[in-house]
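Each remark here refers to the structure printed beneath this line.
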Amino acid sequence: MLKQTFLTGIVLTLLACSSDPSSVTSPATGGSGGAAVIPMAGAAGATGAEAGTSGGGVASGAGGTGGVGTAGSSAAGANGGGGAAGTGGAEANGGAPPWTCQGSGMALEFDGDQVDEVIADLMGDMPADTASRTIEMWAYTRPKSWRIGHPLFDVGTAGGGKVLGLDFATKWENSMMVQDAYPSLNIYSEKEPNDFGWWAPFTPGSPNYLETGWMHVAIRYDHDTNKYAILTNAQVVFEGDATLHGHVAIRTAATPLHIGFSEDFGQQGFDGKIDEVRVWNKARTDAEIKSTMHSVLRGDEAGLIGNWHFDEGVGTVSKDFTSGHHDAVMNTPIKPQWVKAEGLELKCP
């Protein structure tokens with residue numbers, strides 16, 4: 001009888017071992033608990049193997065299942081204890097891209113003769129009052145783009161120094177504002193008759209100006225120096241004091257970012273394409289702007305508080321890839337069109 005019990009224990013042990021799952025770690029699933037060991041006659045059942053391996057990787061994963069102990073072959077044998085469940089991997093936020101980088105991918109095309117709004121509400125993350133900031137994007141311009149009152153973007157509300165935006169075709173000359181000054185880019189901050197004190201005139205054919213084509217555009221405000229700067233293709237085309245021509249110092253409110261339009265310019269907006277919009281809570285240097293202008297950012301770069309790739313290609317929402325998750329939304333009945341960003345050179349991280 002003892003011999004038969006002993007042989008039975010051996011057979012059960014072999015069967016348990018042959019059914020033991022492999023402990024392979026996947027990016028999303030915890031490892032399996034160990035199989036129970038079958039005891040000899042009269043001995044207590046052994047516990048299962050140690051806890052399952054923690055799940056790794058970027059996506060969320062479920063914990064592994066603990067192994068189930070099998071009863072010993074005699075009355076005195078106790079059940080073996082199952083291994084503990086593995087821990088699922090944590091979901092990524094920044095770090096390795098949880099999306100497939102498309103390089104230049106898609107962009108949004110705006111009709112400048114009507115309002116096709118895109119709004120990104122950064123709430124408390126938006127630099128306000130006199131805080132330093134940098135706002136940058138790629139813009140595809142054409143002859144109709146270079147018209148006054150067709151802004152690329154703005155943030156804030158109307159009133160002395162309470163708004164910051166970028167528009168076209170206005171400049172300050174001989175102590176007077178000149179409208180329809182083609183071609184030029186200008187910062188506006190007041191929405192008053194002698195607004196547009198900071199402007200960058202271009203000479204057709206200059207290396208930082210293209211009437212038709214992709215141009216990287218950035219506005220920088222530096223709190224420490226109280227200066228604005230406009231950069232095109234990472235080259236400074238204007239830099240000057242925020243109180244130039246009697247303007248009040250910047251003191252914007254933390255309102256949503258208006259992309260491709262302004263609430264203060266009526267039923268018209270930017271005419272062209274926009275891609276890779278970024279908002280930073282610091283005054284980026286010329287070198288920093290140049291180093292990333294041709295790169296698709298991951299969203300976890302220091303100081304980056306808004307990062308929209310505009311690569312969805314469908315729908316009315318574009319994801320913000322920073323930890324703030326301030327997705328951009330198309331709010332108007334007439335919406336910008338998803339188009340391929342043909343001719344734009346961007347490299348993946």
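Read the figures in this text as sums done on the coordinates, not as results from a lab. Being a predicted model, the structure only gives us computed values, none of them experimental. When we count neighbours, we look across all protein chains shown, and the Cβ atoms used for this are built from the backbone with ideal geometry, even at glycine.
Which entries in Lys144/Lys273; Lys290/Lys319; Lys144/Lys227; Lys162/Lys335 show an alpha-carbon gap greater than 21 Å?
Lys290/Lys319; Lys144/Lys227; Lys162/Lys335
If amide H atoms are built 1.01 Å from N in the plane of the peptide, which residues on other chains or at least 5 residues away come under 5 Å of the amide H of Ile305?
Val279, Trp280, Asn281
Arranged by the count of other C-beta atoms within 10 angstrom, fewest first, what order do Ser323, Ser184, Ser189 take?
Numbers: Ser323 13, Ser184 23, Ser189 27.
Ordered from fewest to most neighbouring Cβ atoms within 10 Å, Ser323, Ser184, Ser189 come out as Ser323, Ser184, Ser189.
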